[in-house]
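Encoded as structure tokens, the structure appears first; notes follow it.
The values are calculated or read from the model by the stated rules, or taken from the named source; none is laboratory data. Please read these numbers as outputs of a predicted model, since none were measured by experiment. Cβ sites come from the backbone with ideal geometry, for glycine too, and all protein chains shown count toward neighbours. Accessible surface is based on the protein model in full, side chains and every heavy atom, while ligands, DNA and RNA are left aside. Shrake-Rupley method; radii C 1.70, N 1.55, O 1.52, S 1.80 Å.
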Amino acid sequence: MPTSEAERVPGYPAVRFAVVDPATGEAFDEAPDQQPDELDAVVARAHRAWHGWRADPVARTAALHAAADAVEGAGDDLARLLTREQGKPLAESYAEVARTAARLRYFADLAPRTRRIADGRPVRSEIRWRPLGPVAAIVPWNFPLQLAAAKFAPALAAGNTVVLKPSPFTPLATRLLGSVLATVLPEDVLTVVTGREPLGARLASHPGIRHVTFTGSVSTGRAVAEAAAASLARVTLELGGNDAAVLLDDVEVDRIADRLFWAAFRNCGQVCMAVKRVYAPTRLHAEVVEALAQRAKTVAVGAGLDADTRLGPVNNAPHLARIEQVTQQALGDGARAAAGGHRLDGAGYFFAPTILTDVPPGSPVVTGEQFGPVLPVLPYRSLDEAVDAANSTGFGLGGSVWGTDLDRAEAVAERLECGTAWVNHHAELSLAQPFAGVKDSGVGVAGGPWGLYGNLRPFVVHRPQKG
Ligand code: NAD
């Protein structure tokens with residue numbers, strides 16, 4: 001999509017950067033490389049637009065429903081472009097577009113509740129809720145559209161305006177989304193800016209921004225928190241995960257193997273709350289490794305636009321290099337690849353779906369976030385040992401427990417130190433639930449009414465009961 005003169009902030013040259021198709025490794029388009037000081041004008045416009053947008057909640061609800069319709073109407077173009085720049089199979093891109101529209105609809109119908117305080121004083125105290133102002137939304141490349149919507153839908157519903165910055169690896173579908181939404185939202189209520197660093201750093205520290213809502217890695221999250229400290233803007237951080245799946249000794253491996261495999265490998269493992277480590281009782285370990293390896297060896301890997309593909313490429317070259325490095329290190333430390341263990345020959349950023357066994361527990365593929373199609377399966381002797389191991393990393397996003405006795409599995413799930421724990425599945429979320437990580441996995445709460453209130457501030461009015 002070419003950049004028109006009108007889209008650029010006046011006075012700034014049209015610098016652009018290449019966008020690569022991860023299925024070929026070739027650049028296929030470009031995006032505007034907006035410069036940090038262009039943000040002054042963008043944020044100033046978001047501020048001006050805020051005054052009208054915050055004033056009329058009924059018009060907001062209607063506009064956000066229209067936005068959801070517009071997203072669905074552009075579903076084919078959005079999905080194809082998303083697959084092209086992100087790599088995921090087309091069916092997953094369609095699902096992501098549907099989730100983007102669903103988030104708009106969900107938050108369109110959510111409103112904060114005004115509440116009276118009844119504490120016996122002869123005063124009428126009322127809690128009302130006010131929007132914060134322009135919100136900066138900064139998102140990664142793994143689910144560019146739905147993660148953006150998880151930020152802008154509640155922020156807009158609460159009456160804020162939004163400046164949205166996608167990852168430079170996936171700017172195009174988000175730019176298209178921005179222009180689709182511009183047909184139904186008032187001008188400057190949602191602005192998409194694209195560019196390489198330090199654009200994100202400048203946005204996070206911009207004095208006109210009142211809330212920085214960020215999804216990405218732990219290290220960038222720390223930098224964002226530091227940058228936002230300059231203006232004391234509110235910060236919401238949804239960061240990395242290293243979710244463990246603990247299999248109990250009554251688990252039926254055949255019954256759960258498909259679900260477990262896809263909980264780890266969906267979107268090529270590039271999911272914050274993917275299963276990133278499996279703990280299996282010693283007695284079942286070989287059977288679990290075999291069941292997962294058999295699926296890893298036979299799953300259809302290919303370009304996302306090919307109809308048969310179930311697993312696409314890794315999104316970008318530096319990330320492929322990281323996945324390769326962490327896998328090589330594990331193999332060098334004594335691990336064995338029951339499937340895969342290497343990148344695939346040929347063009348594109350493809351890595352063979354990999355199941356690792358005999359992995360030393362201190363290996364970075366266990367302690368860190370591999371964020372790719374590589375899964376270590378570790379044996380355990382006692383349940384306490386498994387729970388301790390599951391809780392032993394710096395992350396705390398999600399976790400799951402798998403077994404036949406559901407009450408027992410739930411009791412083990414209770415012991416996981418994370419924001420969301422599942423029994424016999426993983427990574428399924430409701431729009432109505434809170435989503436929050438503990439430890440290094442995040443600060444603040446997204447999702448459901450909590451996500452709405454995360455974009456509001458309380459405003460309390462006291463007045464006498466009578467004259
Ligand atoms: P990243 O941290 O490298 O980048 C995320 C975003 O921040 C991008 O838009 C990037 O351009 C921008 N950015 C980079 N440097 C910045 C800076 N100094 N200041 C402000 N913004 C900056 O993450 P990534 O590699 O794009 O995404 C993968 C990570 O995201 C993984 O760790 C994954 O677990 C995490 N993630 C978390 C969730 C969640 O909900 N908890 C969801 C999806 C992904």
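Numbers for the structure displayed
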{"item": "Residue match in the range 259-271 (condition: out of contact with any Phe, Trp or Tyr (no Cβ under 6 Å at 6 or more places or on another chain) and more than 23 Å from T327 (Cα to Cα))", "result": "yes"}
{"item": "Count of residues meeting criterion [crowded, with 18+ Cβ neighbours inside 10 Å and under 30 Å from A303 (Cβ atoms)] in the range 100-127", "result": "4"}
{"item": "Qualifying residue in the range 109-117 (condition: more than 20 Å from the chain's Cα centre (by Cα), at positive phi and in the same structural domain as V235 (by TED's automatic domain parsing))", "result": "no"}
{"item": "Top-ranked residue in the range 227-256 [being of a type in the set (D, E, K, R) and open to solvent by 10 Å² or more (accessible area, probe 1.4 Å); ranked as farthest from A390 (Cα to Cα)]", "result": "R234"}
{"item": "Candidates A230, A245, A182 - the one that is of a type in the set (A, V, I, L, M, F, W, C), over 28 Å from N315 (Cα atoms) and over 19 Å from the mean Cα position of the chain (by Cα)", "result": "A230"}
{"item": "R336 open to solvent by 70 Å² or more (accessible area, probe 1.4 Å), more than 30 Å from L406 (Cα to Cα), outside the structural domain of P168 (by TED's automatic domain parsing) and touching a Leu at 6+ places or on another chain (Cβ under 8 Å)", "result": "yes"}
{"item": "Hey, P364 open to solvent by 10 Å² or more (accessible area, probe 1.4 Å) and modelled with pLDDT of 95 or more or not", "result": "yes"}
{"item": "Checklist (1) surrounded by fewer than 19 Cβ atoms within 10 Å (Cβ to Cβ); (2) under 24 Å from A79 (Cβ atoms) applied to R259, failing item", "result": "(2)"}
{"item": "Among (1) within 16 Å of the ligand (Cβ to nearest atom); (2) farther than 28 Å from G221 by Cα; (3) not basic (K, R), the one test that A111 misses", "result": "(1)"}
{"item": "Every residue from the range 339-361 that is open to solvent by less than 10 Å² (accessible area, probe 1.4 Å) and hydroxyl-bearing (S, T, Y)", "result": "T354, T357"}
{"item": "Candidates A79, A49, A74 - the one that is at negative phi, in contact with a Ser or Thr (Cβ under 6 Å, 6 or more places away or on another chain) and either open to solvent by 10 Å² or more (accessible area, probe 1.4 Å) or assigned by TED's automatic domain parsing to the domain that holds N315 (or both)", "result": "A49"}
{"item": "A182 vs. criteria within 24 Å of V20 (Cβ to Cβ) and either out of contact with any His (no Cβ under 8 Å at 6 or more places or on another chain) or open to solvent by 10 Å² or more (accessible area, probe 1.4 Å) (or both)", "result": "no"}
{"item": "Residue ranges of strands (runs of 3 or more DSSP E) in the range 132-250 with at least 3 members in the same structural domain as R48 (by TED's automatic domain parsing), touching a residue at least 24 places away in the same chain (Cβ under 8 Å) and near the ligand (Cβ under 9 Å from one of its atoms)", "result": "211-215"}
{"item": "Residue match in the range 303-318 (condition: within 16 Å of the ligand (Cβ to nearest atom), hydrophobic (A, V, I, L, M, F, W, C) and more than 19 Å from the chain's Cα centre (by Cα))", "result": "yes"}
{"item": "Near pairs, Cβ below 9 angstrom, 6+ apart or cross-chain, from the range 269-289 (part of a helix (DSSP H, G or I)) to any residue that is polar (S, T, N, Q) and within 16 Å of the ligand (Cβ to nearest atom)", "result": "G269/Q370"}
{"item": "Subset of the range 89-124 (residues that are among the small types (G, A, S) and more than 19 Å from L181 (Cα to Cα))", "result": "A91, A111, A118, G120"}
{"item": "In the range 299-322, the residues that are open to solvent by less than 20 Å² (accessible area, probe 1.4 Å), in a loop (DSSP other than H, G, I, E, B) and among the aliphatic types (A, V, I, L, M)", "result": "V314"}
{"item": "Selection count, the range 371-386, where residues are over 17 Å from H285 (Cβ atoms) and either open to solvent by less than 10 Å² (accessible area, probe 1.4 Å) or of a type in the set (K, R) (or both)", "result": "3"}
{"item": "Subset tally (residues that are assigned to a helix (DSSP H, G or I), under 11 Å from D21 (Cα atoms) and not hydrophobic (A, V, I, L, M, F, W, C)) for the range 80-102", "result": "4"}
{"item": "Options Q294, Q325: the member that is among the polar types (S, T, N, Q), outside the structural domain of P168 (by TED's automatic domain parsing), away from the ligand (no atom under 16 Å from the Cβ) and surrounded by fewer than 20 Cβ atoms within 10 Å (Cβ to Cβ)", "result": "Q294"}
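Yes/no per residue for (1) on the phi < 0 side of the Ramachandran plot; (2) away from the ligand (no atom under 11 Å from the Cβ); (3) of a type in the set (A, V, I, L, M):
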position	(1), (2), (3)
E417	yes, yes, no
A421	yes, yes, yes
H426	yes, yes, no
L431	yes, yes, yes
A436	yes, no, yes
K439	no, yes, no
P449	yes, yes, no
L456	yes, yes, yes
